[in-house]
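The values are calculated or read from the model by the stated rules, or taken from the named source; none is laboratory data. A quick note: this is a predicted structure, and the numbers were derived from the prediction, not measured. Backbone-built Cβ (ideal geometry, glycine too); neighbour counts: all protein chains shown. Just so you know, the surface numbers come from the protein's heavy atoms only, side chains and all, with ligands and any DNA or RNA stripped out. Shrake-Rupley method; radii C 1.70, N 1.55, O 1.52, S 1.80 Å.
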Amino acid sequence: MQNFVYKNPTEILFGRGMIAKIATRVPSSAPVLFLYGGGSIKRNGVYDQVKSALKKHRVVEFAGIEANPLYETCLRAVDVVKREHINFILAVGGGSVLDAGKFIAAATCFTGADPWDILRSGGDGVKAALPVGTVLTLPATGSEANGNSVISRRTTQEKLPFTSNHSFPVFSVLDPETTFTLPQKQVRNGVVDAFAHVMEQYMTYPADAPLQDRLAESVLQTLVEVGPMTLAEPRNYEARASFMWSATLALNTLISCGVPQDWATHMIGHEMTAFYGLDHAETLAIVMLGVWQHKLAQKNAKLEQYGRRVWNVTSAEAAIAKTEAFFNSIGMLTCLGAYKISAEDAAAKVSARFAERKVVFGEHGDIGPDAAAAILRLRA
Ligand code: NZQ
Ligand code: ZN
């Protein structure tokens, strides 16, 4: 196992009725920014629960955070935060709203000339941020318990992540009942995103970290069990609860302790969303299988272990086939052609982006422009 520092400062408030608890955790000394998306929280009662919990607080609302949150919208929210002297952000919704909250919190305190530098620097530019609390309504990203945020810029078709220790939420409410209203497509997306998060931290090479491996495999097995159950029985509280907790543990920094990480799938996937507008998880299902095919030799030992322990098969190829079949079984497509996207076009665009930014990814740092192109061609 490699050396590591582990610190997760986010308090999790898990279960039915827990939104009421935020009253004691949100400071009342200044107005609170209540941030949300396109209105799903107004239709499922979450908005009313938050308003009721904060009835003694001064609340300023900011609605309209998009899926794949836009930089331009976040900057409008920063203006509101400054104008209203807000000192706490409550982000209520899916990963997009949470990510927007984190960016707004960091951009408000940013002293440089251009807040886009927060993203250009991957978060190194973040020296302080307003505190953010969250109420999560979509299990998928893990944003509720990590310091990551991903922001898109419409004008330049860019989508960039940043990470900062200042950006962990101070608390997150996870009430599985808030997820009952999710469209099937978002549940499917959430299962695949959480699955891919585990894989970015697991599907590398053996690193003498048997506990990390077993933790990762447990999350995968739970997703395989409760994902389809959630889709079949949308009001099954227990299935929703296990799914929600699995998605949090998939990316709350615990399973990455002391092990190598990949993240090539995500970084290629972000470009695919920026260029073609696919949902985040839709890109991952396609690209991850391509990364494994491209890296079959280097990832063989872990692919075999995963196949044996999670699917009861004996070869790396069979493990890949089982994964694709699982994704397809929950309604997730796994090749570019299914979205009428040309693999050649995608390969050209993504490799040019990686070349221009001079970036490489993967546990061996060898997924650069050419490898990204090869991976996308494998998924035509
Ligand atoms: O906007 P509203 O009306 O709220 O509707 C949302 C949105 O249309 C809807 N929704 C959310 N909760 C609902 C609901 N509809 C009914 N009932 C509910 N309970 O779902 C739609 C999608 O929401 P979004 O927040 O965009 O989805 P998700 O949570 O999958 O977040 C995706 C974003 O997170 C980033 C992605 O790149 C993408 O931008 N990621 C963030 C990460 C992180 N912070 O650690 C890691 C991930 O790898 C990912 O990159
Ligand atoms: Zn993801």
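Below are the figures for this structure:
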item: Global size of the range 11-177 as Cα Rg and Dmax, reported in angstrom; result: 14.6, 44
item: Straight-distance crosslink candidates among aspartates and glutamates, where the alpha carbon sits under 13 Å from K102 and sequence neighbours closer than 8 are dropped; result: E144
item: Proximal aspartates and glutamates relative to K21, as straight alpha-carbon distance under 15 Å, when same-chain residues fewer than 8 apart are discounted; result: E11, D48, D175
item: Most positive-pole-ward Cα, M332, L249, F361, against dipole of the range 184-378 from beta carbon charges; result: M332
item: In Hz, Karplus ³J(HN,Hα) per residue of the range 195-200 (6.51, -1.76, 1.60; θ = phi - 60°; x = Gly, Pro); result: 4, 5, 4, 4, 5, 4
item: Residues whose placed amide H lies under 5 Å from that of F361, excluding near-sequence neighbours; result: D366, I367, G368
item: Contact order normalised by residue count of the chain, Cα under 8 Å, 6+ apart, percent; result: 15
item: Kirkwood estimate for the chain, i.e. one over the average of 1/r between Cα atoms, Å; result: 21.0
item: Nonlocal amide H pairs with G123, under 5 Å, H built at 1.01 Å; result: T163
item: Out-of-range pairs (alpha-carbon distance over 31 Å; input K159/K185; K7/K159; K55/K185; K127/K185; K185/K322); result: K55/K185; K127/K185
item: Extent along principal axes [Cα atoms of the range 278-337; Å; largest to smallest]; result: 32, 22, 17
item: Protein accessible area in the range 11-177, 1.4 Å probe - carbon and sulfur %; result: 50
item: Cα-based radius of gyration of the range 184-378 once divided by 2.2 N^0.38 Å, which approximates compact folds; result: 0.98
item: 0 to 90° range, to nearest 10: angle between helix 71-83 axis and the chain longest Cα axis; result: 20
item: Carbon/sulfur fraction of accessible area - the range 184-378, other protein chains in place, 1.4 Å, %; result: 54
item: Structure-based [θ]222 nm, the chain - -39500 (n - 2.57) summed over DSSP H runs of at least 4, per residue, nearest 500; result: -14500 deg cm²/dmol
item: Under 18 Å from the Cα of K340 - lysines, other chains or at least 8 residues apart; result: K349
item: Backbone HN-Hα couplings from phi across the range 306-317 [Karplus 6.51/-1.76/1.60, Hz, Gly and Pro as x]; result: 4, x, 5, 7, 9, 10, 6, 10, 10, 10, 4, 4
item: Excluding exposed DSSP-loop trypsin sites (Lys or Arg not before Pro) (at most 10 other C-beta within 10 Å), longest clean stretch of the chain; result: 57-234
item: Overall Cα dimensions of the range 89-155, principal axis frame, Å, largest first; result: 34, 26, 17
item: Given charges at beta-carbon only (K, R positive; D, E negative), |dipole| of the chain in Debye; result: 840
item: Cα-centre dipole for the range 11-177 with unit charges at Cβ (Lys and Arg positive, Asp and Glu negative), debye to 20; result: 420
item: Integer Hz, Karplus 6.51/-1.76/1.60 couplings in order for the range 324-340, x for Gly and Pro; result: 4, 5, 5, 4, 4, 5, 9, x, 9, 7, 10, 9, 5, x, 4, 9, 6
item: Mean accessible surface per residue for the range 297-354, computed with a 1.4 Å probe while every protein chain stays in place, in Å²; result: 44
item: Å² of accessible area per residue within the range 11-177, as computed with a 1.4 Å probe and no ligands counted; result: 39
item: Helix 210-232 axis, angle to the chain major axis (alpha carbon atoms, nearest 10°); result: 70
item: 0 to 90° range, to nearest 10: angle between helix 264-276 axis and the chain longest Cα axis; result: 70
item: Extreme residue, positive dipole direction of the chain, given options G94, V350, T314 (C-beta unit charges); result: G94
item: All Cα pairs of the range 41-97, percent lying beyond 19 Å; result: 34
